[in-house]
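K.L.:
Below is one structure. I have some questions about it.
The values are calculated or read from the model by the stated rules, or taken from the named source; none is laboratory data. Treat the numbers as computed from the prediction; the structure is a model and nothing was measured. Note that each Cβ is placed from the backbone with ideal geometry, even for glycine, and that neighbours are counted across all protein chains shown. Keep in mind that these areas ignore ligands, DNA and RNA; they rest on the heavy atoms of the full protein, side chains included. Shrake-Rupley method; radii C 1.70, N 1.55, O 1.52, S 1.80 Å.
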Amino acid sequence: MSQLSPDLGLHDVNAGGHDTVYTQSMLPSPGMYKLDILLKRGHNLAIRDRGGTSDPYVKFKLGKKEVFRSKVIYKNLNPVWDERFCLPIDNLHEPLYIKVMVKQCHIKHYKSSIAGASCQFKLGGVLPILASACPPSIHPSIHFLSRFSIRSQRLSEVHKKSQLWRSMVSISLIEGRDLIPMDQNGLSDPYVKFKLGNEKYKSKTMSKTLNPQWREHFDLHVFDEDGGVLEISVWDKDTGRRDDFMGRCALDLSALSREQTHKLELDLEDGQGQLMLLVTLTASAAVSISDLSIHLLDDPHECQQILNKYSLLRSFCNLSDIGIVQVKILRAEGLMAADVTGKSDPFCVIELCNDRLQTHTVYKNLNPEWNKVFTLNVKDIHSVLEVSVYDEDRDKNADFLGKVAIPLLNIHNGEQKAYILKNKEMTGPTKGVIFLEADVIYNSVKASLRTFETPEQKYIGEESKVSKQLLLQNFNRVKRCIMFLINMGSYINSCFEWESPRRSICAFLAFVLVVWNLELYMVPLSLLLFLGWNYFLLASGKETREGSVDSDKKGFMDKLYAIQDVCISVQTALDEVASYGERIKNIFNWTVPFLSWLAIAALCVASLLVYLIPLRYIVLVWGINKFTKKLRNPYLIDNNELLDFLSRVPSDVQVVQYKELKTEHRQSPNKRK
């Protein structure tokens with residue numbers, strides 16, 4: 001057992017009982033380290049089940065944070081795990097806790113209890129040894145192999161060794177074929193579980209089918225050099241009881257070539273059927289955490305290599321690797337006090353699409369300093385970098401303290417900036433400021449091509465909930481868009497009404513010139529001119545591009561009346577849309593033969609006119625008639641002929657209302673009485 005000597009350094013107690021002394025000069029130097037741990041086996045563990053066995057697993061905690069949990073070995077007092085994992089370490093004086101737990105299964109919940117062994121290590125006292133992880137006074141023991149890898153000061157070596165994962169595997173679960181029936185109706189409700197190392201993914205459940213079509217895509221991180229083994233199992237969903245096992249298969253990722261999509265049809269073992277997958281193993285992922293003193297872009301040699309990698313000359317090499325973003329989480333000030341002591345235990349979480357990393361926890365501090373550097377791959381330049389601050393609670397979920405969202409395109413390289421933290425809804429400020437510095441390096445050609453592809457789906461997100469406030473807010477947003485179109489229509493109609501003769505004359509001349517000279521290329525050209533005009537207004541400061549969201553606090557009665565107005569407006573709008581759709585359908589269904597014959601006559605005349613007369617002239621005549629109608633008859637009431645025609649066609653509701661009820665001929669009214 002290794003232990004620290006208070007005066008000389010580290011002692012290693014060997015088999016003969018003699019101490020091997022390591023002086024302070026032999027200890028690892030301060031900096032970034034990697035702790036490699038191989039969990040071997042357990043021996044004579046405590047009995048916790050009625051059958052005289054246990055279901056043990058091991059938890060590793062670094063400080064107060066759980067960093068690894070082994071698999072469960074069922075019904076075994078001498079389990080063999082043989083699991084390896086590594087941890088990035090920046091503080092050798094932080095204790096490593098090891099606890100052996102037992103998993104006790106009940107009908108609807110799981111309960112864990114300590115199986116009889118726990119211990120604590122000081123990381124400054126761990127060297128390459130094979131040690132017993134339990135004190136000598138405790139009879140059960142857990143054996144593991146630990147090793148510290150000291151990082152060199154050369155930045156490229158630091159970057160390579162500080163990677164949390166070495167590559168990523170993109171998996172598309174397409175379908176299953178000829179699965180085994182598990183239900184009494186001869187069908188199943190299958191779903192698929194994937195496991196790669198400690199990462200897991202569960203697909204959605206397909207109801208009542210033996211040939212499910214999932215069509216799901218997700219990514220898993222690869223930590224091993226050789227890729228590891230992807231474990232796949234298929235299960236049948238059962239409500240109220242344990243799900244049934246339908247089969248399993250395994251995929252050795254080391255046998256797959258990188259940067260190439262493989263179409264695989266895997267046969268299920270211990271069952272029947274096949275799974276079809278699309279698997280792509282990419283080596284472009286570069287996600288790392290390092291100290292502020294050692295990071296990637298400060299080394300001129302490394303920075304130049306990255307600039308060359310994403311230069312325009314390499315625009316068509318590995319199109320999925322768009323760039324990298326490096327984020328420095330410096331510090332925060334004036335955070336909210338989440339504990340009863342008036343302090344907080346803040347840590348920071350950084351998210352970019354499905355990549356999620358976090359800093360260490362600074363205990364009992366409202367002005368924490370993290371000084372960490374995160375490096376992540378950019379898959380979509382339109383992604384949003386989300387930085388959240390939480391308060392760590394040992395026995396419950398972390399408390400939210402604040403959040404900021406930064407689009408990658410809004411980042412100014414090398415600029416240290418203070419961001420005011422926002423609330424969970426991201427609509428208003430909360431207490432505290434966080435200081436960040438970010439750099440984005442990307443290839444603009446790859447980013448442009450990626451813009452026209454389907455964006456990456458975020459698999460972990462908040463569930464949608466019914467919210468009256470959100471309903472009212474979304475209704476007001478739609479209302480603003482509709483009012484904009486209505487105001488634009490009113491402005492155009494005012495030109496027809498000659499409310500301002502000067503404006504109507506200009507509009508009439510513009511209409512004649514555009515229709516007479518219209519060519520197809522003018523359509524995108526007009527949109528281009530519109531974009532250019534808005535850019536000129538923004539550059540000159542005459543307009544702003546900030547959106548507006550209603551966030552005014554209202555009383556209860558105001559909210560109630562607003563919700564009633566929303567419901568009435570939505571009800572009326574849905575009725576109008578449904579009515580016009582049904583009226584168009586009823587024209588072609590010959591619900592009213594007179595109107596259907598009238599529609600045939602109008603369509604025949606329209607087809608003949610379009611065939612004989614160029615469309616340009618027809619539009620020109622229609623516009624001249626529209627502009628001069630008010631001049632020819634000042635008291636004329638304007639109307640829309642098409643809408644007036646549709647208003648005569650009954651909707652489905654009106655058809656039911658107008659339908660006659662048939663009397664029963666077998667019985668007279670007197671007999672029915």
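K.L.:
What accessible area per residue, rounded to a whole number of Å², is obtained for segment 292-424 using a probe radius of 1.4 Å?
P.N.:
The answer is 48 Å² per residue.
K.L.:
If each residue of separation counts as 0.36 nm, what is the full-extension length gain between Tyr74 and His262 once their alpha-carbon separation is subtracted?
P.N.:
Full extension from Tyr74 to His262 adds 64.2 nm.
K.L.:
If the chain between Asp224 and Ile505 were fully stretched, how many nm would it gain, using 0.36 nm times the residue separation less the Cα-Cα distance?
P.N.:
93.7 nm
K.L.:
Label points 7 Å out from Cα along the Cβ direction at Lys204 and Val445: separation in nm?
P.N.:
Using points 7 Å along Cα→Cβ, the separation is 3.8 nm.
K.L.:
If ligands, DNA and RNA are left out, what is the accessible area of Leu312 with a 1.4 Å probe, given in Å² to the nearest 10?
P.N.:
Surface open to solvent at Leu312 totals about 120 Å².
K.L.:
May I pose another question? Going 7 Å from the Cα of Asp238 in the Cα-to-Cβ direction, what parts of segment 183-226 have a backbone nitrogen less than 15 Å from that spot?
P.N.:
Answer for this model: 183-191.
K.L.:
Using only protein heavy atoms and a 1.4 Å probe, report how much of Trp533 is accessible, in Å² to the nearest 10.
P.N.:
Surface accessible to solvent at Trp533 totals approximately 140 Å².
K.L.:
Of Lys99/Lys202; Lys61/Lys193; Lys328/Lys403; Lys103/Lys195; Lys202/Lys403; Lys343/Lys422, which ones are farther than 21 Å apart at the Cα?
P.N.:
Distance filter (> 21 Å) returns Lys99/Lys202; Lys61/Lys193; Lys202/Lys403.
K.L.:
So for segment 220-282, considering every pair of alpha-carbon atoms, how many percent are separated by more than 21 Å?
P.N.:
I get 35 percent for the Cα pairs in segment 220-282 exceeding 21 Å.
K.L.:
Which value in nm describes the separation of the simple spin-label points at Asn474 and Leu528, placed 7 Å from the Cα toward the beta carbon?
P.N.:
3.8
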